[in-house]
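Just so it is clear, none of the values below were taken in a lab; they were calculated from the coordinates. Quick caveat: nothing in here was measured; it's all calculated off a predicted structure. Every residue, glycine among them, receives a Cβ derived from its backbone with ideal geometry; neighbour counts consider all protein chains shown.
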Amino acid sequence: MRGAPSLPRVQLRKPLARAIRQGHPWIYRDALAPGPPLPDGALVLVADQARRPLARGYWDARSPIAVRVLGGAELADASAEVAARVDRALARRLEGLDRALSPSTEPGFVGPSPGGRSEEPFQRSWPTDAFRWIHGEADGLPGLHVDVYGPAVTVRYDGAGARAFYDGLPARLQQIGRARGLPVTAVVERRARGATGDGAAVVLGRLPDGELEVRENGLRFGADLRHGQKGGLFLDQRENRALVRGMANGRRVLNLFGYTGAFSIYAAAGGARETTTVDVAAPAIEAARRNFARNGLPQEAARFAAEDAFAFLARAAQAGERWDLVISDPPSFASSGRALTTGLAAYRRLHRLCVMVTAPGGTLCAASCSSHVDRAAFAATLRDGARDAGRRADVREMRGAGFDHPTVAQFPEGDYLKFAVAGL
Ligand SMILES: C[S@@+](CC[C@H](N)C(=O)[O-])C[C@H]1O[C@@H](n2cnc3c(N)ncnc32)[C@H](O)[C@@H]1O
């Protein structure tokens with residue numbers, strides 16, 4: 001993490017001083033006056049349009065986001081501040097996991113005996129040992145995402161500026177983790193697909209061959225961290241999966257875009273009569289089968305389809321198949337503002353098909369991970385999709401990501417996950 005005795009200055013040419021003072025952490029390149037080239041990761045002093053010192057942040061030489069803001073102009077020691085924020089972020093996660101140990105807080109909770117966490121090292125004694133440690137901007141650590149998978153940690157930097165600025169982070173994570181009872185034996189860096197071939201590299205320690213086994217609310221999952229962006233779990237849905245466990249008893253459950261079957265495993269653990277997991281990626285479906293075996297759940301009541309979800313739904317609707325609980329968690333259909341119209345149309349089409357296969361009186365849980373789609377627009381795709389199917393969907397709850405993926409009001413871009421629970 002770099003510090004600098006005398007900081008290069010960059011100057012705003014757009015009137016953004018108020019937003020930055022209120023905590024918005026991004027400054028786009030076109031909001032800055034032209035200046036000399038700076039290296040990735042350089043700490044900079046941002047001046048307002050009247051040349052008054054405003055904020056400190058780090059530089060990215062290529063990203064459209066030229067500066068990620070760390071704090072006010074008075075921030076003296078960025079390196080010490082980063083270390084303090086990394087530590088605070090972990091303390092908050094451990095407190096959150098501690099709170100979740102109370103069986104009364106989660107329906108269908110499977111946890112350790114009453115009395116809570118023992119003094120044993122974290123990985124051996126907690127019912128959940130996979131969670132997000134650092135959630136970028138919301139933790140005051142812009143451009144940085146860190147996840148814990150039992151004894152291993154994954155790191156993702158948003159661009160070369162972040163990678164250079166947080167230089168030395170893996171050893172720092174190990175040190176801070178150890179001090180809080182979280183031994184970190186391996187750090188894996190996740191990179192954008194194509195940057196390195198397999199998309200992930202072990203940058204500290206050793207990772208065992210094959211899948212690691214981690215726990216979530218007492219259930220077991222394999223995580224193949226060597227395989228880039230998709231090798232872990234979608235940790236942001238943990239609390240929504242717990243909700244599904246509480247709703248599944250005696251029901252026929254369809255899990256669309258099911259990845260490695262996590263929602264299906266929770267549903268089966270919650271007493272579902274039958275689960276069907278659909279994902280277009282055959283390796284994900286194989287991993288889902290292994291996850292059922294890992295949890296000792298009966299395979300007879302578990303169906304799997306390695307298939308396009310739209311094609312599966314069209315066939316099932318045509319055949320008159322019905323499920324009591326349908327879960328839909330697709331990849332983002334609107335990854336940019338420009339793709340919003342087509343994205344919303346795709347959600348509406350998907351929701352029409354989902355509604356067609358949901359039994360009368362059943363429940364549809366529909367998710368979107370696109371930050372460009374707000375809650376009201378997403379709810380409208382459910383309402384309109386149901387109407388297209390000649391039915392009515394009552395959105396009873398609109399949830400988001402778990403406590404370890406916090407959102408902050410001054411950074412609405414970070415509020416990406418929606419999880420609607422609709423009655424039909
Ligand atoms: C956001 S992830 C789902 C995460 C999952 N619900 C969980 O809790 O682990 C989206 C999944 O959709 C799958 N997918 C993408 N396009 C698909 C399609 N057209 N049909 C079925 N699955 C698809 C991907 O392979 C990926 O596993």
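Between the beta carbons of residue 398 and residue 332, assuming R0 = 22 Å, the FRET efficiency works out to 0.80 to the nearest 0.05.
For the chain, the longest principal axis of the Cα atoms and the long axis of helix 78-100 meet at an angle of about 20 degrees.
Label positions at residue 321 and residue 160, each projected 7 Å from the Cα along the C-beta direction, are separated by 4.8 nm. For a test of the definition: using alpha carbon positions, the gyration tensor, and the 1.5 limit on a/c, classify the stretch 210-261 as rounded, prolate or oblate. Here the stretch 210-261 falls in the prolate category. Counting charges near residue 67 (Lys, Arg +1; Asp, Glu -1) among other residues having Cβ under 10 Å from its Cβ returns a value of +2. As a calculated quantity, the FRET efficiency between residue 6 and residue 409 at R0 = 25 Å, using C-beta atoms, amounts to about 0.15. Extension gain, residue 22 to residue 227, is 69.9 nm, computed as 0.36 nm per intervening residue step minus the present C-alpha separation.
Fully extending the segment from residue 383 to residue 92, taken as 0.36 nm per residue of separation minus the present Cα-Cα distance, adds 101.1 nm. Result for the chain in a Gaussian network model with C-alpha springs under 10 Å: among 312, 263, 131, the largest mean-square fluctuation is at 312. Given a cut-off of under 8 Å on Cα pairs at least six residues apart, what relative contact order in percent is computed for the chain? Relative contact order here is 11 percent. For the stretch 14-31, putting each phi into the Karplus relation 6.51 cos²θ - 1.76 cosθ + 1.60 with θ = phi - 60° gives couplings of 10, x, 10, 4, 5, 4, 5, 4, 7, x, 5, x, 10, 10, 6, 4, 6, 8 Hz, in residue order, rounded to whole numbers and with x for Gly and Pro. Cβ-to-Cβ counts within 10 Å put 20, 27 in ascending order as 20, 27, the fewest first.
What you get for the chain, charging only the Cβ of Lys and Arg (+1) and of Asp and Glu (-1), is a dipole of about 760 debye around the Cα centre.
Per-residue ellipticity at 222 nm from helix content only, as computed over the chain with -39500 (n - 2.57) for each DSSP H run of at least four residues, stands at -8500 deg cm²/dmol. Charged neighbours of residue 266, selected by a Cβ distance under 10 Å, balance to +2 (K, R count +1; D, E count -1). Residue-wise HN-Hα couplings along the stretch 266-277, as the Karplus relation 6.51 cos²θ - 1.76 cosθ + 1.60 with θ = phi - 60° gives them from phi, are 4, 5, 5, 5, x, x, 4, 5, 7, 10, 10, 10 Hz; Gly and Pro carry x.
Over all distinct alpha-carbon pairs, what is the Kirkwood Rh of the chain in angstrom? Don't jump to the answer; show the numbers that get you there.
Working: mean 1/r = 0.0437 Å⁻¹.
So the Kirkwood estimate lands at 22.9 Å.
With contacts taken as Cα pairs under 8 Å at a separation of at least 6 residues, the stretch 232-335 carries a relative contact order of 30 percent. Inter-part distance, the stretch 378-424 to the stretch 279-345, computed on C-alpha centroids, equals 18 Å. Think of each Lys and Arg Cβ as +1 and each Asp and Glu Cβ as -1; about the Cα centre, that makes the dipole of the stretch 195-293 roughly 360 debye.
Taking label points 7 Å from Cα along the Cα-to-Cβ direction, residue 49 and residue 303 give a separation of 6.2 nm.
Annotation: Cα Rg of the stretch 235-423 relative to the compact-globule expectation 2.2 N^0.38 Å equals 0.97. Whose amide H sits under 5 Å from the amide H of residue 399, counting only residues 5 or more places off or on another chain, with H placed in the peptide plane? Result for residue 399 returns 419, 420, 421.
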